[in-house]
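Below is one structure, written out as structure tokens; comments come after it.
The values are calculated or read from the model by the stated rules, or taken from the named source; none is laboratory data. Values in this document were obtained by computation on a predicted structure and should not be read as measured data. With ideal geometry, Cβ positions are generated from the backbone for all residues, glycine too; neighbour counts draw on all protein chains shown. The area values use the complete protein model at the heavy-atom level, side chains included, leaving out ligands, DNA and RNA. Shrake-Rupley method; radii C 1.70, N 1.55, O 1.52, S 1.80 Å.
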Amino acid sequence: MKDAEKRVAVRRWFWLGLPVAAGAVLAWCYRDWLAARFFLRHLESGKRLKRLRVPEVVRLLGIEPGSTVADIGAGSGLFTERFVDCVGPTGRVFAADANPTMIDHLRKRFPPDRAPTVTVVQTARSGATLPAKVDLAFVCLTLHHIPDPEEYVQTLAGDLKPGGRIAVIEFERHSPMHHKMIATQELDRWMEEAGLQVVSREDNLLEEAYIRIYGRV
């Protein structure tokens, strides 16, 4: 190939590749936004609602009126909305998430004038720092996303009121859809090291996920 032809070929591949490279850079820069848009469509899809069995899970938690509840990794606010009804006008709900787009969505879904008992909490990826002690910290399919979940369990245990509990829903096995998981034995050990023990367990309510509730006994 002559030099002139080589230069033409190089220019052609440059201009063909430029949009692809630009798209990749934009996707990287807006990865949190893109992930949030995808998950907002997925989090409250009919199929997911059926699999999560939200009413049954909420009943299992036994939330009392006037309680303070933290929804860690609140996402779209699916459980937050139910917790608002449970705690009533004298309770508080912290809707915590690390994704800025999710935070914007939560603030629009729970504005202060319509949801005065909800406080939206922007967190770090290492986990939520809560503005006050809670009666229940609810962590649904979120703990495995935290870089150091063992350390975070210690932090979360310190955010409990006397008699407070931590409820965890996690995947029980690997699958193509969720390759990360936390074994129950591992979670039990972390909680025990944080001074908590299992007070309730449910392995049959949800498909491919277990529920554990921990407290000081």
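Side notes on the structure shown:
- Top-ranked residue in segment 44-59 [being modelled with pLDDT under 65 and not in a helix (DSSP H, G or I); ranked as least open to solvent (accessible area, probe 1.4 Å)]: Ser45
- Every residue from segment 197-209 that is open to solvent by less than 20 Å² (accessible area, probe 1.4 Å) and touching a helix residue (DSSP H, G or I) at 6+ places or on another chain (Cβ under 6 Å): none
- Some residue of segment 170-182 being crowded, with 16+ Cβ neighbours inside 10 Å and polar (S, T, N, Q): no
- Annotation note: of Ser126, Ser67, the sole residue that is more than 22 Å from Leu205 (Cβ to Cβ) and either β-branched (Val, Ile, Thr) or in contact with a helix residue (DSSP H, G or I) (Cβ under 9 Å, 6 or more places away or on another chain) (or both) is Ser126.
- The one condition in (1) open to solvent by 40 Å² or more (accessible area, probe 1.4 Å); (2) touching a Lys or Arg at 6+ places or on another chain (Cβ under 9 Å); (3) of a type outside the set (Phe, Trp, Tyr); (4) not in a loop (DSSP other than H, G, I, E, B) that His105 fails to fulfil: (2)
- When Thr119 is tested against (1) surrounded by fewer than 21 Cβ atoms within 10 Å (Cβ to Cβ); (2) closer than 26 Å to Pro162 by Cα; (3) more than 18 Å from the chain's Cα centre (by Cα), only condition (3) is not met.
- Contact annotation: residue pairs with Cβ atoms under 8 Å, 6 or more positions apart or on different chains, pairing a residue in segment 100-118 that is farther than 19 Å from Thr68 by Cβ with a partner that is part of a loop (DSSP other than H, G, I, E, B) and open to solvent by less than 60 Å² (accessible area, probe 1.4 Å), are Met102/Ala74; Met102/Gly75; Met102/Ser76; His105/Ser76; His105/Gly77; Arg109/Ser76; Arg109/Gly77; Arg109/Ala115.
- Residues (surrounded by fewer than 16 Cβ atoms within 10 Å (Cβ to Cβ) and in contact with a helix residue (DSSP H, G or I) (Cβ under 9 Å, 6 or more places away or on another chain)) located in segment 129-149: Thr129
- Selection within segment 115-144 - at pLDDT 95 or above, small (Gly, Ala, Ser) and part of a strand (DSSP E or B): Ala137
- Cβ-Cβ under 6 Å pairs, at least 6 apart or on other chains, segment 126-142 side at negative phi, far side among the aromatic types (Phe, Trp, Tyr) and in a strand (DSSP E or B): Leu130/Phe94
- Given (1) modelled with pLDDT under 95; (2) out of contact with any Ser or Thr (no Cβ under 7 Å at 6 or more places or on another chain); (3) in a loop (DSSP other than H, G, I, E, B), index of the condition Pro147 fails: (2)
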